[in-house]
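Student: Okay, here's the structure, questions in a sec.
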Amino acid sequence: MDPLALARRLGVRPVSLLGLALELVLASATAAQGTVAPSDGPGLRWVGRFDATLAPWQEIRLKSGQRPNTFRFAVWDEVKAVEVTSRASMSLLGRPITVDLNATPVLCWRWRIGATLSQADMLRRDGDDYAARVYVSLRLPASALGLGLRAQLALARAMWGPDVPDAAINYVWDNRQPVGTTRPNAYTDRAQMIVLRSGDGEAGRWVWERVDVRRDATRLFGPGTEAVQLAITADTDNTQSFARSGFADFHFVAVDRACEEG
């Protein structure tokens, strides 16, 4: 059956599934790129130490004809990083991950922005842009997938490929919402947005983040959730804005272990 006809039969709006695909489809472009290297030691797993190749990270373009971002390796204020330049554009740099969230549930990284996007508004689809954004794509246990969600995911995968993940958390640097704000993405509640930084007070310098992915995933989507992919971007296509941001040093650690900030 044609996917759009199936959508109508199931009572699912195609625009909602389009949003699902735009926000979540990371695996199809990166699934063949391998998994993370062996752990660097008990309670530590590196997933993002960057060099000039950027491997195994790869660019993911979500819409045909959409202007993509530019990703490049840079040593930025002595930090080996990915620099993202976004000019009224959107694409991701992503990679698959294999991580035991029971052993190492905490994701650490550092990022920086030049400035927030003055026209952005996470409450509206036409304002769904961010100076910096980190995606963690998730696989949910079978017991958490009800009939309606299974139908939505089946349709999304029929339209955009078999590796559309079940859900995602987006950690964002927003322009106006308070730190700690958690809400569904403007396109789909399968992508939940969490504001880690807000405004320009810390723009222009590297800042470290530490988030408990297992705790957030359990709170938002239920227990037993697995992290399967990681992606980064600056997102300016809806507001026709400009952003220049950096990302570095992604790693998972145990709850009782500090981030590797040295």
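Student: Select the strands (runs of 3 or more DSSP E) contained entirely in the stretch 47-138, then report the ones holding at least 3 residues which are more than 17 Å from the chain's Cα centre (by Cα).
Tutor: Ranges flagged: 70-76, 79-87.
Student: Let me ask you something else. Could you figure out which of (1) crowded, with 23+ Cβ neighbours inside 10 Å; (2) in contact with a Pro (Cβ under 9 Å, 6 or more places away or on another chain) isn't true of D235?
Tutor: (2)
Student: Looking at this structure, is A158 more than 14 Å from the chain's Cα centre (by Cα), at pLDDT below 95, surrounded by fewer than 17 Cβ atoms within 10 Å (Cβ to Cβ) and over 16 Å from S245 (Cα atoms)?
Tutor: Answer is yes for this residue.
Student: Now, a different point. Give me the residue from the stretch 179-195 that is part of a strand (DSSP E or B) and β-branched (V, I, T) and, out of that set, nearest to I169 (Cα to Cα).
Tutor: Only one residue fits best here, namely I194.
Student: A further question follows. Just to check your reading of the model, which residue among R139, R133 is under 30 Å from V207 (Cα atoms), at pLDDT 95 or above, in contact with a strand residue (DSSP E or B) (Cβ under 8 Å, 6 or more places away or on another chain) and not aliphatic (A, V, I, L, M)?
Tutor: When all the criteria are applied, what remains is R133.
Student: Would you mention how many residues in the stretch 205-262 are assigned to a strand (DSSP E or B) and either under 27 Å from A88 (Cα atoms) or of a type in the set (F, W, Y) (or both)?
Tutor: The number of residues fulfilling the criteria is 20.
Student: What residue, of L196, L230, is among the hydrophobic types (A, V, I, L, M, F, W, C), under 29 Å from D40 (Cα atoms) and in contact with a Ser or Thr (Cβ under 9 Å, 6 or more places away or on another chain)?
Tutor: From the options L196, L230, the qualifying one is L230.
The values are calculated or read from the model by the stated rules, or taken from the named source; none is laboratory data. Everything numeric in this text was worked out from a predicted model, so none of it was measured. Positions of Cβ are backbone-derived with ideal geometry, glycine not excepted, and every protein chain shown enters the neighbour counts.
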